[in-house]
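A.B. asks: Right, I'll just put the structure down here and ask away after.
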Amino acid sequence: MTTPPPEAPQAPPWRPSRPGRALVLGASGQIGRPLLARLVQAGWRVDALSRQPQPPLPGVHWLRGDLAGCRELPGEVDLLLSCGPLDAFAARFARGDVACRRVVAFGSTSVEAKRTSPDPDERALADRLRAAEASLFATAAGRGVAATILRPTLVYGAGRDATLTRIAALARRLRGFALPADATGRRQPVHVDDLADAAMACLDAPATHGRAYAVPGGEALPYREMVARTLAALPERPRLLLLPPALFGALLGPARLLGLASGFNDAALARMRQDLVFDPAPAQRDFGYAPRPFAPDAAMLTPPG
Ligand SMILES: NC(=O)c1ccc[n+]([C@@H]2O[C@H](COP(=O)([O-])OP(=O)(O)OC[C@H]3O[C@@H](n4cnc5c(N)ncnc54)[C@H](OP(=O)(O)O)[C@@H]3O)[C@@H](O)[C@H]2O)c1
C-alpha cells in the first residue's frame, strides 16, 4: 500500500526557544516598523520585504519585491510574520517555498464587521479575509506549523493611518471637523506599538497556535468622542461641529464633490451609529494582551517627515 506524499516537508514542532531567523512581510507598514524594532531588540536575525527601496535599519536585511513575485525570499526561516495584505500572504504561504515553524499574521476585524455590510465591495473584502484565514490555517496544519492570526480594530499611532491621521489633517486644514450628532457607535482604536507587542507576546504562547484573536484598543468609546480626543490632541485645536444627522447627510454630496469626503461612502456613514466592539478577553487570557486606553498626542496623528 502506498501513502500519498505530504504536500510539503513537515517541520519539527515550534518550541519557545532562543531567537533565530525571522522573515517579516509588510515590514515597512505602520505595524511592521515597530515590530522590526522589537525583533532586532530581542535578538532575531531579520529579513524584511518591501516593494520600495528602504533606508537601512540596523539588524534588518531588506529584500525588495512583491509578495507574489519576490524570488529572493529565504527558503527557510524559524519565524514568518505578515503585516501586509493577508490574502496575498496566504497565497504565498500556500506555495510552500518558504519553510518555517511559526507564523503570526495580521488580519482584520473587518472579517466580522463588514460581513453583512450593505456595500458589496466591503462584503467582498470580508469574504477575502475569511478565505485567507481559512487557507492560512489549513496550510499551516498540513505542514505542522504553529499559526496565529491577530485581527486589529482601527489602527493609529504612527501618523500613517487612513482614519484618524486623515481626520486630523482635514481638521487642521479646515480648522474644524463636522460629524453627525448621532455618530455614537463605539470604537476601539488600537496603537501600533500595542499590536507589535501583541505579535511578540504570541510567539511563546502555545495557547495561540491555530487561533485567531481580536486585538482591539484598550478602550471602547463613541465615534464622536474618539474624534473629539483626536482634535483635542492637535496644537491648532480645531473645533468639532456636531450637526443634525439630516443636515450632515445633505452636506455630504457637496463635500464629496469638493474632495473633502472621498472614500466616505454610505456604509461608512451608517457604521458611525453602530458599535464595532470586539472582546479582548481571549487575547488577554492567552498571551497577556494589555492595550492602552485612547489618549493620542499630536505626533501620533502627524505623518512622519
Ligand atoms: N490600518 C488599519 O486600520 C488596520 C485595521 C485592521 C487590520 N489591519 C491589517 O493589519 C495589517 C497591517 O496593517 P498596516 O496598517 O500596518 O498596513 P500598512 O501600513 O498599509 O502596511 C502594509 C505594508 O504591506 C506592504 N505591502 C502591501 N502590498 C504588498 C505586496 N503586494 N507585496 C509586498 N508587500 C506589500 C506595504 O509595503 P511596501 O509598500 O513597502 O511594499 C505596506 O507597507 C494588514 O494586514 C492590515 O490589513 C489594518
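The values are calculated or read from the model by the stated rules, or taken from the named source; none is laboratory data. Note that this is a predicted model, so its numbers are computed, not measured. Every residue, glycine among them, receives a Cβ derived from its backbone with ideal geometry; neighbour counts consider all protein chains shown.
A.B. asks: In the stretch 183-213, what residues are part of a strand (DSSP E or B) and under 17 Å from ASP279 (Cβ atoms)?
C.D. replies: ARG186, ARG187, VAL190, ARG211, ALA212, TYR213
A.B. asks: Now for a separate question. When the stretch 96-110 is examined, which residues are found to be in contact with a Lys or Arg (Cβ under 6 Å, 6 or more places away or on another chain) and without any contact (Cβ under 8 Å) to a residue 60 or more places away in the chain?
C.D. replies: Across the stretch 96-110, the qualifying residue is only SER108.
A.B. asks: Follow-up. Check ARG128, ARG123, ARG115 and return the single one that is assigned to a helix (DSSP H, G or I), among the charged types (D, E, K, R) and in contact with an Asp or Glu (Cβ under 9 Å, 6 or more places away or on another chain).
C.D. replies: Sole residue among the options that is assigned to a helix (DSSP H, G or I), among the charged types (D, E, K, R) and in contact with an Asp or Glu (Cβ under 9 Å, 6 or more places away or on another chain): ARG128.
A.B. asks: Another question about this same structure. Name every residue in the stretch 83-113 that is within 15 Å of the ligand (Cβ to nearest atom) and among the basic types (Lys, Arg), in order of residue number.
C.D. replies: ARG92, ARG95
A.B. asks: Only one of these is within 19 Å of LEU49 (Cα to Cα) and either of a type in the set (Val, Ile, Thr) or within 14 Å of the ligand (Cβ to nearest atom) (or both): LEU80, LEU150. Name it.
C.D. replies: Among LEU80, LEU150, only LEU80 is within 19 Å of LEU49 (Cα to Cα) and either of a type in the set (Val, Ile, Thr) or within 14 Å of the ligand (Cβ to nearest atom) (or both).
A.B. asks: Hey, another quick one. With respect to the numbered conditions (1) outside any loop (DSSP other than H, G, I, E, B); (2) crowded, with 19+ Cβ neighbours inside 10 Å; (3) within 19 Å of the chain's Cα centre (by Cα), which one is the sole condition not fulfilled by THR230?
C.D. replies: (3) is the only condition that THR230 fails.
A.B. asks: Within the stretch 163-182, is even one residue within 16 Å of the ligand (Cβ to nearest atom), surrounded by 15 or more Cβ atoms within 10 Å (Cβ to Cβ) and part of a loop (DSSP other than H, G, I, E, B)?
C.D. replies: Yes, the conditions are met somewhere in the stretch 163-182.
A.B. asks: Scan the stretch 188-212 residue by residue and report those that are under 18 Å from ALA158 (Cβ atoms) and either among the charged types (D, E, K, R) or surrounded by fewer than 21 Cβ atoms within 10 Å (Cβ to Cβ) (or both).
C.D. replies: Matches in the stretch 188-212: ASP193, ASP194, ASP197, MET200.
A.B. asks: Related question: Just need a number here: residues in the stretch 36-77 that are within 10 Å of the ligand (Cβ to nearest atom) and of a type in the set (Lys, Arg).
C.D. replies: 2
A.B. asks: Of THR165, THR139, which residue is farther than 24 Å from PHE287 by Cα, at pLDDT 95 or above and hydroxyl-bearing (Ser, Thr, Tyr)?
C.D. replies: Answer to the selection: THR165.
Conditions tested, residue by residue: (1) more than 16 Å from the ligand (Cβ to nearest atom); (2) acidic (Asp, Glu); (3) assigned by TED's automatic domain parsing to the domain that holds GLN41; (4) in contact with a strand residue (DSSP E or B) (Cβ under 9 Å, 6 or more places away or on another chain).
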residue: ALA198; (1), (2), (3), (4): no, no, no, yes
residue: MET226; (1), (2), (3), (4): no, no, no, yes
residue: PRO235; (1), (2), (3), (4): yes, no, no, no
residue: LEU240; (1), (2), (3), (4): yes, no, no, yes
residue: LEU247; (1), (2), (3), (4): yes, no, no, yes
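A.B. asks: Any idea which of (1) on the phi > 0 side of the Ramachandran plot; (2) buried (at least 20 other Cβ atoms within 10 Å of the Cβ); (3) in the same structural domain as PRO34 (by TED's automatic domain parsing) is the one GLY144 doesn't satisfy?
C.D. replies: (2)
A.B. asks: For residues in the stretch 136-162 being in contact (Cβ under 8 Å) with a residue 40 or more places away in the chain and part of a helix (DSSP H, G or I), which is nearest to the chain's Cα centre (by Cα)?
C.D. replies: The residue in question is LEU136.
A.B. asks: State all residues of the stretch 255-286 that are touching a Leu at 6+ places or on another chain (Cβ under 9 Å) and closer than 30 Å to GLY210 by Cβ; if no residue qualifies, say none.
C.D. replies: Listed by number, the residues that qualify are LEU276, ALA283.
A.B. asks: Out of the residues in the stretch 88-112 meeting the condition of being out of contact with any Leu (no Cβ under 7 Å at 6 or more places or on another chain), of a type in the set (D, E, K, R) and assigned to a helix (DSSP H, G or I), tell me which one is surrounded by the fewest Cβ atoms within 10 Å (Cβ to Cβ).
C.D. replies: Within the stretch 88-112, the match that is surrounded by the fewest Cβ atoms within 10 Å (Cβ to Cβ) is ARG95.
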